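Student: The structure's right below; bear with me while I get my questions together.
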Amino acid sequence: MTTGTATADASGTWTLGDLTVHRMGLGAMRLTGSAAFHHGTPSDRDRATAVLRRALELGVDHIDTAAFYFSSLRSANELINSALRPYPDHLVVAVKVGPFRDYDGTWGTPARPEDLRGHVEENLRQLGRDHLDLVYLRRMHQESIAEHFGALAELREAGLIRHLGLSGIEPRHLDEARDIAPVVSVQNRYALGGHDPRTEELLRVCGERDIAFVPFYAIAGEAGPQGATAAHDDAVLSVARAHGATPAQVRLAWTLSRGRHVLAIPGTGDPRHLEQNVAAGALRLTDADLELLRGVARSGEVAAAG
């Protein structure tokens, strides 16, 4: 299992609107360096390029990125552009808009509705594309998302965006957005042993409505943007030993087990870890495994609720 011989085909597929992708994808944030955003050691350019090209060789056809994914020397969008253009027809590149970072890496004021066209155009420029396959509105604590989502819906009508998604939301925001335009995907923080109980409801609602649910930090846990967690419960370690897998692979397999509409976008800047992540799509957890892991999931809900 840990050798990474499987391809993304083993994870199955899901359709985002009219775009079919494998359920195992790639998050681009970690391509830029050893830690999130502007801190840590910048990535090696050749290594990051190798990860992207190897991902496509392994059948990955869904990459998640953003213009605000950059470190002191690297931009995720620019790396994707230089490594993968001309883009294969089957490749879906999803971006998030809403947050804003200055060139020195500091976070600025979140976008107003009228700012979102500029955010979309910046992603288009960096990626070298004339339209974006999927754009997520990342909610930044606002109570209502109607104005922001409406602005993106207008850009969709103008042909700059193919499909729309939401990130960092509560279930009520999904209803609000769907009154404006179709939503094909929701992206929230969700991991074994670390998520808000309200996100469990959101996952369920997305499944009922055939909307993709795309967790971020699925293998990071509380480590978040710093990378994969090293804190594994005994249950995770036990399941990993039983399958000859890594704990990270178990976490990814658990993520995919949450529903056929659940996609995974683990991030890495390491070609070996990429292969392990993709191989996790072939790991089938037994009922006994899932029962053992259920306690980890419940403890994480309690912690998140507190």
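Student: Select from the stretch 129-145 the residues that are in contact with a Gly (Cβ under 6 Å, 6 or more places away or on another chain), of a type in the set (A, V, I, L, M, F, W, C) and either assigned to a loop (DSSP other than H, G, I, E, B) or farther than 26 Å from His62 by Cα (or both) and list them in ascending order.
Tutor: Met140
Student: Taking the condition buried (at least 23 other Cβ atoms within 10 Å of the Cβ) and in contact with a strand residue (DSSP E or B) (Cβ under 9 Å, 6 or more places away or on another chain), does Ala153 pass?
Tutor: no
Student: Could you tell me whether any residue of the stretch 207-218 is on the phi > 0 side of the Ramachandran plot, at pLDDT below 95 and not in a loop (DSSP other than H, G, I, E, B)?
Tutor: no
Student: Going by the structure shown, is Val239 modelled with pLDDT of 95 or more, closer than 18 Å to Arg294 by Cα, more than 18 Å from the chain's Cα centre (by Cα) and surrounded by 21 or more Cβ atoms within 10 Å (Cβ to Cβ)?
Tutor: yes
Student: Using beta carbons and a limit of 7 Å, which pairs, at least six apart or on different chains, have the first residue in the stretch 109-130 and modelled with pLDDT of 95 or more and surrounded by 18 or more Cβ atoms within 10 Å (Cβ to Cβ) and the second one part of a helix (DSSP H, G or I) and of a type in the set (Asp, Glu)?
Tutor: From residues that are modelled with pLDDT of 95 or more and surrounded by 18 or more Cβ atoms within 10 Å (Cβ to Cβ), the pairs are Gln126/Glu78.
Student: Could you run through the stretch 152-198 and say how many residues are outside any helix (DSSP H, G or I), of a type outside the set (Gly, Ala, Ser) and free of Cβ contacts under 8 Å to residues at least 60 places away in the same chain?
Tutor: Residues meeting the conditions: 12.
Student: Within the stretch 246-253, does at least one residue satisfy the condition of being at pLDDT 95 or above, part of a loop (DSSP other than H, G, I, E, B) and of a type outside the set (Asp, Glu)?
Tutor: Within the stretch 246-253 (the criterion being at pLDDT 95 or above, part of a loop (DSSP other than H, G, I, E, B) and of a type outside the set (Asp, Glu)), the answer is yes, since at least one residue qualifies.
Student: On to the next question. Quick one: would you say Asp175 is modelled with pLDDT under 95, farther than 23 Å from Val21 by Cα and loosely packed, with under 14 Cβ neighbours inside 10 Å?
Tutor: It is false that Asp175 is modelled with pLDDT under 95, farther than 23 Å from Val21 by Cα and loosely packed, with under 14 Cβ neighbours inside 10 Å.
Student: Taking the condition of being under 15 Å from Leu155 (Cα atoms) and not in a helix (DSSP H, G or I), how many residues in the stretch 114-128 meet it?
Tutor: 0
Student: Moving on to the next point. Looking only at the stretch 22-36, count how many residues are modelled with pLDDT under 95 and touching a strand residue (DSSP E or B) at 6+ places or on another chain (Cβ under 7 Å). Reasoning before the result, please.
Tutor: Keep residues of the stretch 22-36 that are modelled with pLDDT under 95, which gives 29-36.
Those left that are additionally touching a strand residue (DSSP E or B) at 6+ places or on another chain (Cβ under 7 Å): 29-30, 32-33.
Summing the residues that are modelled with pLDDT under 95 and touching a strand residue (DSSP E or B) at 6+ places or on another chain (Cβ under 7 Å) in the stretch 22-36 gives 4.
Student: Next question, about the same structure. Tell me which residues, restricted to the stretch 49-66, are surrounded by fewer than 17 Cβ atoms within 10 Å (Cβ to Cβ) and in contact with a Ser or Thr (Cβ under 9 Å, 6 or more places away or on another chain).
Tutor: Glu57
Student: Exactly one condition in (1) surrounded by 23 or more Cβ atoms within 10 Å (Cβ to Cβ); (2) farther than 26 Å from Arg23 by Cα; (3) of a type in the set (Gly, Ala, Ser) is false for Gly193; which is it?
Tutor: (2)
Student: Within the group Ala48, Ala55, Ala111, Ala10, which residue is in a loop (DSSP other than H, G, I, E, B) and aliphatic (A, V, I, L, M)?
Tutor: Ala111
Student: Determine, yes or no, whether Tyr87 is buried (at least 17 other Cβ atoms within 10 Å of the Cβ), in a loop (DSSP other than H, G, I, E, B) and of a type outside the set (A, V, I, L, M). Outline the logic, then answer.
Tutor: Numbers: buried (at least 17 other Cβ atoms within 10 Å of the Cβ): yes; in a loop (DSSP other than H, G, I, E, B): yes; of a type outside the set (A, V, I, L, M): yes.
So Tyr87 passes the test.
Student: Would you point out the residue of the stretch 72-114, among those that are in contact with a strand residue (DSSP E or B) (Cβ under 8 Å, 6 or more places away or on another chain) and of a type in the set (Ser, Thr, Tyr), that is nearest to Leu134 (Cα to Cα)?
Tutor: Per the stated criteria, the residue is Tyr87.
Student: Here is a follow-up. Just name the residue that is surrounded by the fewest Cβ atoms within 10 Å (Cβ to Cβ) out of those in the stretch 90-108 that are assigned to a strand (DSSP E or B) and at pLDDT below 95.
Tutor: We begin by selecting, within the stretch 90-108, every residue assigned to a strand (DSSP E or B); these are 92-97, 101, 107.
Okay, now just the ones that are also at pLDDT below 95, so 101, 107.
Working: Arg101: 16, Trp107: 13.
The residue in question is Trp107.
Student: In the stretch 58-84, how many are part of a strand (DSSP E or B) and under 15 Å from the mean Cα position of the chain (by Cα)?
Tutor: Of the residues in the stretch 58-84, 5 are part of a strand (DSSP E or B) and under 15 Å from the mean Cα position of the chain (by Cα).
The values are calculated or read from the model by the stated rules, or taken from the named source; none is laboratory data. Note that the structure is a prediction, hence the values are computed from the model and not measured. Every residue, glycine among them, receives a Cβ derived from its backbone with ideal geometry; neighbour counts consider all protein chains shown.
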